[in-house]
Amino acid sequence: MSVQCETTAKQALGAEMGVFERYLTLWVALCIIAGIALGHFFPIPFQTIGQLEIAKVNIPVAILIWLMIIPMLLKIDFAALHHVREHWKGIGVTLFVNWGVKPFSMALLAWLFIRHIFADFLPADQLDYYIAGLIILAAAPCTAMVFVWSHLSDGEPHFTLTQVALNDTIMIFAFAPIVGLLLGLSAIIVPWDTLFLSVVLYIVIPVAFAQLWRRIVLARGGEAALEKLLKRLHPVSLSALLLTLVLLFGFQGEQILAQPLIILMLAIPILIQVYFNSGLAYWLNRQLGVAHCVAAPSALIGASNFFELAVAAAISLFGFSSGAALATVVGVLVEVPVMLSVVKIVNATRGWYEQKATSNH
């Protein structure tokens, strides 16, 4: 393994949860309150921001999304792709869950809960959009927070680094077709031109820009310079996320005030799919005799979402005030507590897991 990849892997292992990440649910709740209040008392500025579009792309939000995503993509070392064979079983399981199970299981859960169980309690004109938002959320595997979850579960850093790089590569090509397929199966009109534009704007361009910037920084100052840059950009990324949420809830406020249980009803299928997919990945790894230090991050990567991309895609496809945008934001709201609970589960069951792994050898 190259020195650069080795160093990056050690950094991934040392990733810690900062104050913001630890209390993400609290910050999102505060953004909900602030956004609803501002949208109610100052509707004109929000309407003005909503109209700043070029080719259906809201320019202020596009800028905020890039500020969110690019610092995260700077962490990705695509050189790690050379090491796929070292943990091929764990990587195979995660790819299967991320791309073969998670989007489809979420589409099924969304159809079950939104179209049937909760249909009478939700605004009828938003049902399709809620389903679309949940599908978009599940189709984007997590990129940045995975390093934190892996660290908290004593995950193998080289596996985590390789898996994230591979998922990001696949996402460039698979995100649009999977989203388009599942929206079509759900009888939701797919704006294909906007969907592909979203992929270019929020995946292809940020990935290319981040990798070019990463190479320049590494060439000039090595890993120390990259780490310094990431620390400097961290508050920028977080501020952009919070501001985006305030804007979203500025548009969603009246709808939420009218039916405050909407967020809870959207959270239920998200929670079920997280536990289902993480459990499936964990169980499959155990059946294959994969080491716990690989199975734990595999389960976590298999369940978590790249919610920043999901929010951006939902806004681009369906607009600020759509149920799709709201559904993806509920994913942000529940991300940290639910993933921390999965971390606790995989850590607490390590003894049980390793009994099976040992017997397989």
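Since every read-out is calculated from the coordinates, none of them should be taken as a lab result. Everything numeric in this text was worked out from a predicted model, so none of it was measured. Here Cβ is always computed from backbone atoms with ideal geometry, including for glycine, and neighbour counts include all displayed protein chains.
Here are a few things to note about the model shown:
- For the chain, the mean residue ellipticity at 222 nm estimated from helices alone is -25000 deg cm²/dmol, where every DSSP H run of n ≥ 4 contributes -39500 (n - 2.57) and the total is divided by all residues, rounded to the nearest 500.
- Around the amide H of N305, modelled in the peptide plane, lie the amide H atoms of C142, all under 5 Å away and 5 or more residues distant in sequence or on another chain.
- Under Stokes-Einstein, with the Kirkwood radius over Cα pairs as Rh, the value for the stretch 156-235 at 20 °C and 1.002 mPa s is 143 µm²/s.
- Among residues other than Q259 with Cβ under 14 Å from its Cβ, the summed charge is -3 (Lys and Arg +1, Asp and Glu -1).
- Among L74, V57, L112 the positive-end extreme of the charge dipole of the stretch 50-114 (Cβ point charges): L112
- Charge tally for I205 (other residues, Cβ to Cβ under 15 Å; Lys, Arg +1; Asp, Glu -1): -1.
- Highest-fluctuation residue, T162, T143, T48 considered, GNM on the chain with Cα pairs under 10 Å: T48
- Kirkwood's formula applied to the C-alpha pairs of the chain gives a hydrodynamic radius of 20.6 angstrom.
- Note on the stretch 3-360: dipole from Cβ charges, positive end direction compared against G222, P103, V330; the farthest Cα belongs to G222.
- The magnitude of the dipole of the chain, with charges of +1 and -1 set on the Cβ of Lys/Arg and Asp/Glu and taken from the Cα centre, is near 620 debye.
- Options L238, I256, S298, ranked by Cα towards positive dipole end of the stretch 222-346, top entry (Cβ charges): S298
- The peptide list 215-228, 177-190, put in order of mean Cβ contacts within 10 Å with the highest first, becomes 177-190, 215-228.
- Kyte-Doolittle mean at least 1.0, axial Cα span of 30 Å or more - DSSP H helices of the chain: 157-185, 262-287, 323-348
- Electrostatic tally near K228: other residues with Cβ closer than 15 Å to its Cβ, Lys and Arg +1, Asp and Glu -1, net +3.
- With contacts taken as Cα pairs under 8 Å and at least 6 residues apart, the stretch 3-360 reaches a relative contact order of 34 percent.
- Lysine pairs within the chain, Cα separation less than 16 Å, 8 or more sequence positions apart or different chains: 5
- Remark: the stretch 50-138 projects, on average over all directions, an area of 8.9 nm² (convex hull of Cα atoms).
- Percentage relative contact order, the stretch 222-328, counting C-alpha pairs under 8 Å, at least six apart: 28
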